[in-house]
Structures are given as C-alpha cells and as structure tokens.
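Only the coordinates and a few stated rules stand behind these numbers; no lab work does. Because the structure is predicted, anything quoted here is derived from the model rather than measured. Reconstructed Cβ throughout: ideal geometry from the backbone, glycine too, with neighbour counts over all protein chains shown.
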C-alpha cells in the first residue's frame, strides 16, 4: 500500500474515531468553553498519538461539532535504520522512528512529535559543524548522519542525560548561549561546573 493510500485510510479512521469521542464527551450542541476545549484536545491528542502514531496532527473545529483536518508528513519509508519520517519544515531532513519515540518520552511530548521536533531542530541546525554528527539546542542534543544528501536524525538526548564532559563538549565557548537558562547562575561560586578555563585561576584564589 502506497504512503498516499495508507494515509487516506488512516485519515478516515482518525476522523471516525474523533467524531465518536466528540459525541461521547459533548452530549448537546451548546457552546463549549475554552477550558473544556483544551481538555478535550489534550485527551484526544494523546489517544490518537497512541493509536495512530505520533506523526499525525489533528485540527479540531468545535464550531462544526468535531469536524477535523488531519495532517501527516508527506513521506515515510522503511530502511535498514527503521522507519524514516519526513520533516514538515525541511525537505531533506528525516527522523527515525527511534528518534521520534525517544523525543516523545524524554520531553514528555504526547502530541504531534514532528511539529515539536521541527521547532527544536530549527534551532539545532544553527550549530551544524560545531560537533561532527551532533546538533545542539537548549533542551538537548540530536545525533545525525548524512546519507545520500539527506540528513537522518537518529536520536535525541535531552540535556539532563548529558554528562559534565558532554555538556562542555556540546555547550562550550561558542555555544554558551545555547545553555538552558535554569543552568546559569550569577555567582560563579554557586555553579556546579564552569565552561571557561580562565575561571580556574579565580576559583583557586578564592580557596574553593
């Protein structure tokens, strides 16, 4: 079954599922509050991601009793590296299914992972060339491989899983602006680690 035919089939299944969920949640055609809309979107998005995949984006029109538009990446393919899912934003970028799963778990993202991945990856692309095989964003590191003029994103490692040595490697002198804000302190004596070698002398003089 081609990608287009498979997506058409999945689209029909998702729309049917969504309409059933909508009828169960909202018994009448009355006005639906913003809070109830947000709760419904969050709940159904998690269910859809679990049942139909995290590469699906569902847009719900509450004024039409659950009518939805389903959007999916234009292309997926099976390779020796597993299933590759094409980026929405970058024609030459593909995420492995392993990367999508890791990103979802490590960022606790249960909605459309491709949309969120693209947002993180837009920032990470500015670090191309800093570390061969790796791209850095404030929240973590992507491992990638260039194959036949395509950039294959193999996995995602969130910041909390990096060792001190890896932090120094990926967030060194040229990348200091990429550090998450919560890891910065005003007083160097309050830091768990420092990235600049010139601060060693200062620390020695302070007796710490």
Worksheet item: Which whole-number value in Å³ per residue fits the convex hull of the alpha carbons of segment 76-161?
Response: 94 Å³
Response to the item:
A chain fully extended from residue 12 to residue 63 at 0.36 nm per residue, minus the present Cα-Cα distance, gains in nm 16.3 nm
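Starting with the highest mean, order 120-126, 145-151 by the number of other Cβ atoms within 10 Å, averaged over the residues of each peptide.
Values: 120-126: 17.1, 145-151: 11.3.
Sorting 120-126, 145-151 by mean packing, highest first, produces 120-126, 145-151.
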Practice prompt. Please find the FRET efficiency linking residue 50 to residue 119, where r is the Cβ-Cβ separation and R0 is fixed at 25 Å, and quote it to the nearest 0.05.
Written response: 0.70
Worksheet, complete the sentence: Pseudo-spin-label distance residue 32 to residue 169, built 7 Å along Cα→Cβ, given in nm, is 4.7 nm
